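To start, the structure itself, in structure tokens.
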Amino acid sequence: MSIKKYVLLFFMIPFSLSSQNKQKVDSLKKLLTQDISLKQKIHVYRGLCYQYNYYDKEKAKRYLDSLNAVAKRYKDSTKYKGLVLKHKGMYYNSISDYITAEKEYEKAISHFEIIKDTRYKYRTLLALSDVKRKLGKYEDAIDVIMQSINEKEALGKKEIELVREYEKLGKIYGNIDNINKSNFYLKKTEKAYRDNKKYKALMITLVNLGVNATHQESLKYFKEAKTYAFKYEDYITLAMIYNNTGAIYQSLNNIDSSKYNYNKSLKLSEKYNYPKLKALSTNNLAELCNLENKPKEAIQYLNASLTINQNSSRLPRVAQNYYNLSESYELLKNYKKAFEYRDLHFKLYDSINKQNNIEKINQLEIQYQTAKKEAALALQKEEIKTLNEKSKSDSLTKTLYGIGMFSFLSIATLLYFAFKQRIKKNKIAREKQEEIYKQEIAFKKKELASQTLHLVQKSTFIQELKSNLEKIKQSPDLFKIEFKRLIMLLKKENAEDKDWQVFKTYFSEVHNNFDNKIKAIATDVSEKEIRLASFLRMNLSTKEIASMLNVLPDSVLKSKYRLKKKLQLEKEADLTEFLNTL
């Protein structure tokens, strides 16, 4: 990825209260002062909810409550129930309550299906996919979008009518570092928008393509996107473009250009009241101040950023603020404060990573168990079917040979019922075995999660240790403060090579001798490559694997390429998809 990790990467079409939007708001408010019908009021409140949703949360909630109350009074309230649910989803999404937003969107979709309103159903499916993406449910998000695409294609929709689905797929694949697929869908989006002269929508696609591109290509994409942002007075998107451009220049060590763009982003986010972007811009400006050895200015920026991020519960960015504050105080030689913020950073960072990994591993293992259970039940049904067919055949044969032999028929009947009883007993035994197997898998899953988290913590510890040792080397005064902490860390992390062996044992049991299957395909595969394959099999991203192995993401990509070559996969084949089949 060409843009540093703290930049706002793939983003949705933002809302900015431009002069045109202000006119719409004023017109809608004016209508409320007039004698209008309930139906008209519903549409006015919907418009105000939409306009204020990303601008003023309190007003958005007030108009949402009014919309809900008026819709209930309307004679055909069923018609607007889905729309109210959709607006609730939008509101909760805007305040980062993604779990509630997900529930509201799902209820809205069910309602639109009942009343057969396909237009709003597809719009809500897209909104639901965005929320699932933010929750880290990337596979679910892709499934939701593919549902929309498949249904639209079945209805004979044109390419331009599928473009929003393509764009969202591009963003999701970008989030999981599948740049080839991301660019594939974003390029389709770009072509459709250009062919149909939809330049306002094209602006966002250009920014997202810029995120995927190399430095110089990124700047070209951002430059074209900027012209459309000015043209359509979309100043929030313009602020985001300035922020991303600043990040590019920062990575190129062009501090002056980087600072210019970050300041532009900050001014626009303040003017148009977009606090999340303000927090991002101030944090990035603080990083530049630290690079220029201006820690006091950096601390002012960081305190402003920290307040916003804490109020909106954006924990990853709070952790980043803590880290940068520790850097600033270290430059001021205030090592006590530096240590306090570094400690806060690592505690929060660890808690975020623990939760993310636990959720991911649990989700993967639930999928695994479900697939196993379905396969076992299918096999069981097939066995019972075969036994029943055999039973019918035996019964027919006995009947042909025993015509007129009542006693023999009675014996055959008894045998048949005994046979049925045996099938029933076998079924009960299988169910018991399946329950035992399920418990074993649950235990192994917990152990696997535990070992994975231990490896993550170990890599975090190594990074922290290296960083602290480097700082002690540069500043001997820091030695007295950090020495005790380093001793404690070393005692706590007295980990041996057996960590990987324990992890591999549990992983192999849960995933059916995964390492042996790989060795059967590639006899020259190394232990490190098996480790990489195991992490890929768990659907961990390149960044997560790099963190666990304590290497750069580029090293992981090179290792993936070598592993793919050893497994004799085609160039276009997806390594993770292949490993998931083993």
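So here's what we get for this one:
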{"quantity": "Test result for ASP130, assigned to a helix (DSSP H, G or I) and open to solvent by 70 Å² or more (accessible area, probe 1.4 Å)", "calculated": "no"}
{"quantity": "Subset tally (residues that are surrounded by fewer than 21 Cβ atoms within 10 Å (Cβ to Cβ), touching a Lys or Arg at 6+ places or on another chain (Cβ under 9 Å) and either under 17 Å from GLN320 (Cβ atoms) or aliphatic (A, V, I, L, M) (or both)) for the stretch 267-287", "calculated": "1"}
{"quantity": "Within the stretch 239-318, helices (runs of 4 or more DSSP H) holding 2 or more residues that are of a type in the set (Lys, Arg)", "calculated": "255-271, 275-291"}
{"quantity": "Matching residues, the stretch 185-231, being among the β-branched types (Val, Ile, Thr) and in contact with a Phe, Trp or Tyr (Cβ under 8 Å, 6 or more places away or on another chain)", "calculated": "THR189, ILE204, THR205, VAL207, VAL211"}
{"quantity": "Only one of TYR92, TYR45 that is closer than 25 Å to ILE236 by Cβ and free of Cβ contacts under 8 Å to residues at least 24 places away in the same chain", "calculated": "TYR92"}
{"quantity": "Test for SER66: is it open to solvent by 20 Å² or more (accessible area, probe 1.4 Å), among the polar types (S, T, N, Q) and part of a helix (DSSP H, G or I)", "calculated": "yes"}
{"quantity": "Cβ-Cβ under 7 Å pairs, at least 6 apart or on other chains, the stretch 116-141 side in contact (Cβ under 8 Å) with a residue 60 or more places away in the chain, far side assigned to a loop (DSSP other than H, G, I, E, B)", "calculated": "ASP130/MET12"}
{"quantity": "Whichever residue in the stretch 237-266 is among the hydroxyl-bearing types (Ser, Thr, Tyr) and in contact with a Leu (Cβ under 9 Å, 6 or more places away or on another chain) and, among such residues, is surrounded by the most Cβ atoms within 10 Å (Cβ to Cβ)", "calculated": "SER265"}
{"quantity": "Hits in the stretch 189-219 - residues which are open to solvent by 60 Å² or more (accessible area, probe 1.4 Å) and assigned to a helix (DSSP H, G or I)", "calculated": "LYS191, ARG194, ASP195, TYR199, LYS200, GLN216, GLU217"}
{"quantity": "Filtered residues of the stretch 528-582 (kept if touching a residue at least 60 places away in the same chain (Cβ under 8 Å) and farther than 22 Å from TYR138 by Cβ)", "calculated": "ASN550"}
{"quantity": "Per-region count, the stretch 512-541, residues part of a helix (DSSP H, G or I) and open to solvent by 10 Å² or more (accessible area, probe 1.4 Å)", "calculated": "11"}
{"quantity": "Meets criteria (over 22 Å from THR237 (Cα atoms) and either in contact with a Cys (Cβ under 8 Å, 6 or more places away or on another chain) or not in a helix (DSSP H, G or I) (or both)) for ILE99", "calculated": "no"}
{"quantity": "Subset tally (residues that are farther than 17 Å from LEU64 by Cβ and either under 18 Å from the mean Cα position of the chain (by Cα) or among the acidic types (Asp, Glu) (or both)) for the stretch 103-130", "calculated": "8"}
{"quantity": "Test set (1) at pLDDT below 90; (2) hydroxyl-bearing (Ser, Thr, Tyr); (3) touching a helix residue (DSSP H, G or I) at 6+ places or on another chain (Cβ under 7 Å); (4) under 23 Å from LYS543 (Cα atoms) - SER312 fails condition number", "calculated": "(4)"}
{"quantity": "Considering residues of the stretch 40-63 that are more than 14 Å from HIS87 (Cα to Cα) and modelled with pLDDT of 85 or more only, the residue least open to solvent (accessible area, probe 1.4 Å)", "calculated": "LYS41"}
{"quantity": "Filter result for the condition that a residue is surrounded by fewer than 20 Cβ atoms within 10 Å (Cβ to Cβ) and at pLDDT below 80, over THR78, THR33", "calculated": "THR78"}
{"quantity": "Pairs, first at negative phi and charged (D, E, K, R) in the stretch 158-180, second part of a loop (DSSP other than H, G, I, E, B) and open to solvent by less than 60 Å² (accessible area, probe 1.4 Å), C-beta under 7 Å, six or more apart", "calculated": "LYS171/PHE10"}
{"quantity": "Some residue of the stretch 162-176 being more than 25 Å from GLU58 (Cα to Cα), among the aromatic types (Phe, Trp, Tyr) and modelled with pLDDT under 90", "calculated": "yes"}
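This table checks each residue for (1) touching a Phe, Trp or Tyr at 6+ places or on another chain (Cβ under 7 Å); (2) within 18 Å of LYS61 (Cβ to Cβ); (3) buried (at least 17 other Cβ atoms within 10 Å of the Cβ).
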{"residue": "TYR91", "(1), (2), (3)": "no, yes, yes"}
{"residue": "SER94", "(1), (2), (3)": "yes, yes, yes"}
{"residue": "ILE99", "(1), (2), (3)": "no, yes, no"}
{"residue": "GLU102", "(1), (2), (3)": "no, no, yes"}
{"residue": "ALA108", "(1), (2), (3)": "no, yes, yes"}
{"residue": "LYS121", "(1), (2), (3)": "yes, no, yes"}
{"residue": "LEU135", "(1), (2), (3)": "yes, no, no"}
{"residue": "TYR138", "(1), (2), (3)": "no, no, yes"}
{"residue": "ILE142", "(1), (2), (3)": "no, no, yes"}
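The values are calculated or read from the model by the stated rules, or taken from the named source; none is laboratory data. As the structure is a prediction and not an experimental result, all values here were calculated from the model. Note that each Cβ is placed from the backbone with ideal geometry, even for glycine, and that neighbours are counted across all protein chains shown. We work out accessible area using only protein heavy atoms, side chains counted, and drop any ligands, DNA or RNA first. Shrake-Rupley method; radii C 1.70, N 1.55, O 1.52, S 1.80 Å.
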